[in-house]
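Q: Pasting in a structure now, in structure tokens, and then I'll have a few things to ask.
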């Protein structure tokens, strides 16, 4: 029965079988949602992903990649690159990190003293010190790190995982993107877009300070009325969609309405951080005097609560897009690196470390793969006339930890100054080939037919970084 065929007689005549069908469809929908939309290719080590992203190109040699030669040759020209011109112009002399590096963990990994809380987790981390990017511009760089392409219009990694594996829960989104209080990252929603995949695979964007709106049932409508209305609308929508096959946007909109109805019960509960005990709030720093740190801490806690309820892929952003003042809203420290990172590191350090500790003590790292990303690195030299660093797509650091990852190791290396990746160079394709491998997916077999080609997250590239696998 289509929406156009409705009459009083036909409606009453079909009501019994229609309501039976609605009930059955609800049961079947629950079963379908609880199961993967397609099976994994082999037994997975990880079932969920937490991706922590620091936009602005966080400096590898000031956070994770210790370079003693920068300390030794501080203030001298970079050999062979005395006249080098990069993204914003000419470079000056080599610049040591403003802060000492200290050994951490039983592995003795050297970590910036600006990250005292994160340093406690180094024995669980697998660092990739030899990353390279195809872009030296923030927007394309961020998109590349999320989609493997520098142009908009391609699905994010979270969308690919959503498409491949489906949901682990009935009442929450499969893919959530949690935005920083300061705003969206460079190129915004393209970082969690579904691209050419059906629209239902894009992320739901929210944060602790911007919960999902309009979830509560109006006071004048009873639960029974609300449920009956939803069932009737589902019948109308199914008939309307059935007469228009192949319209992905329509199907996605119907799926989003159905999910919104189920979320009316679950989402307010999950996003209610007052349910957490005070010692958890203290661990994360949700009530810190630094408002930006407190807001990011609440987002970290929200991320844990989503993962705990079976959200498949959670992207968590620490900082936002660039502003008129370099390094003010994100990690883009062109002019005043010391002041910028003394603002950003305290926001990032305690809440992120608390999230990792919380996941670990709850046993969730048995199933959750944690990724830390930024879009590219920074130069070992000072930008001419400044005390900051310019963009460097030839070297940067990422890391993984959690389900299926060998902790306490480092893959690859940059040269003695951190200018270029020189040992076991890794690309974003290699990074996500490894992520998919841990999720039980062969990156060469995960495809979607679009515009005459079987598209992949990793395009036509990528090798699994087997040394990172436990």
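Q: Please give the FRET efficiency for residue 290 paired with residue 102, using the beta carbon to beta carbon distance and R0 = 22 Å, rounded to the nearest 0.05.
A: Between residue 290 and residue 102 the formula returns 0.45.
Q: Which FRET efficiency, nearest 0.05, do residue 84 and residue 454 yield, Cβ-Cβ r, R0 35 Å?
A: Values: r = 41 Å, r/R0 = 1.16.
The pair residue 84/residue 454 has a calculated efficiency of 0.30.
Q: On to the next question. Obtain the nm distance between the two label points defined at residue 266 and residue 413 by a simple spin-label model: each point lies 7 Å from its Cα along the Cα-to-C-beta direction.
A: In this crude spin-label approximation the distance works out to 4.8 nm.
Q: Once the Cα atoms of helix 291-308 and of the chain are each reduced to a long axis, what angle between those two axes, in degrees from 0 to 90 to the nearest 10, is obtained?
A: Once rounded, one gets 50 degrees.
Q: Could you tell me how far the Cα centroid of the range 333-371 sits from the Cα centroid of the range 422-470, in Å?
A: Result: 25 Å between the Cα centres.
Q: Ordered by packing density, taken as the mean number of other Cβ atoms within 10 Å over each peptide's residues, highest first, how do 439-446, 121-128 rank? Spell out each step's value before the answer.
A: Details: 439-446: 19.5, 121-128: 22.4.
Final packing ranking: 121-128, 439-446.
Q: At 7 Å along Cα-to-Cβ for each site, give me the label-to-label distance between residue 250 and residue 424 in nm.
A: Placing both labels 7 Å along Cα→Cβ, they lie 5.2 nm apart.
Q: Sticking with this structure for a sec: Shape verdict for the range 328-470, please, from the Cα gyration tensor: rounded (a/c under 1.5), prolate (a/b greater than b/c) or oblate. All intermediate terms of the calculation are to be shown ahead of the outcome.
A: Details: a/c = 1.97, a/b = 1.34, b/c = 1.47.
Cα axes put the range 328-470 in the oblate bin.
Q: Please list, short to long, the whole-number percent of alpha-carbon pairs of the chain in consecutive 20 angstrom bins beginning at zero.
A: Whole-percent P(r) values from 0 Å outward: 24, 53, 19, 4, 0.
Q: Continuing with the same structure: Defining a contact as two alpha carbons under 8 Å apart and six or more residues distant in sequence, what relative contact order in percent does the range 52-169 show? Can you show the working numbers first?
A: Values: 112 pairs, mean separation 21.6, N = 118.
It comes to 18 percent, rounded to a whole number.
Q: Rounded to two decimal places and with Rh computed the Kirkwood way over Cα pairs, what is Rg over Rh for the range 148-245?
A: 1.05
Q: Return one number: the angle in degrees, 0 to 90 and rounded to the nearest 10, between the long axis of the Cα atoms of helix 248-271 and the longest principal axis of the Cα atoms of the chain.
A: Around 80 degrees separate the two axes.
Q: For the range 347-405, what size does the Cα cloud have along each of its three principal axes, sorted from largest down, in whole Å?
A: In descending order, the Cα extents are 49, 24, 13 Å.
Q: Continuing with the same structure: Applying a 10 Å radius around every beta-carbon, put 367-375, 420-428 in order of their mean neighbour count, most first.
A: 367-375, 420-428
Q: Taking Cα pairs under 8 Å and at least six residues apart, what relative contact order does the range 90-140 come out at, in percent?
A: 24
Q: Would you compute, from DSSP H runs of 4+ residues alone, the mean residue ellipticity of the chain at 222 nm, taking -39500 (n - 2.57) per run and dividing by the full residue count, rounded to the nearest 500?
A: The per-residue figure over the chain is -11000 deg cm²/dmol.
Q: For Cα pairs less than 8 Å apart in space and 6+ apart in sequence, what is the mean separation divided by the residue count of the chain, i.e. the relative contact order in percent?
A: Relative contact order of the chain: 28 percent.
Q: I would also like to ask the following. What is the spread of the Cα atoms of the range 84-234 along each of their three principal axes, largest first, in whole Å?
A: In descending order, the Cα extents are 70, 37, 30 Å.
Q: Oh, and also: Can you give me the angle between helix 337-361 and the longest principal axis of the chain, using Cα atoms only, in degrees from 0 to 90, rounded to the nearest 10?
A: Between the helix axis and the principal axis of the chain, the angle is about 50 degrees.
Q: Using a ≥ b ≥ c from the Cα gyration tensor of the range 45-122 (square roots of the eigenvalues), is it rounded, prolate or oblate, where a/c under 1.5 gives rounded and otherwise the larger of a/b and b/c decides, a/b for prolate?
A: It comes out oblate by the Cα gyration axes.
Q: Here's a follow-up. Using packing as a proxy for protection, rank 140-151, 82-93 so that the peptide with the highest average count of other Cβ atoms within 10 Å comes first.
A: 140-151, 82-93
Q: Let me know the shape class of the range 410-452, please: from the alpha-carbon gyration tensor, a ≥ b ≥ c as square roots of the eigenvalues, rounded when a/c is under 1.5, otherwise prolate if a/b is greater than b/c, or oblate. Working shown, then result.
A: Working: a/c = 5.25, a/b = 2.21, b/c = 2.38.
Judged from the Cα gyration tensor, the range 410-452 comes out oblate (a/c at least 1.5, b/c at or above a/b).
Read the figures in this text as sums done on the coordinates, not as results from a lab. These numbers come from a predicted model, not from an experiment. As a convention, Cβ positions derive from the backbone with ideal geometry for all residues, glycine included, and neighbour counts pool all protein chains shown.
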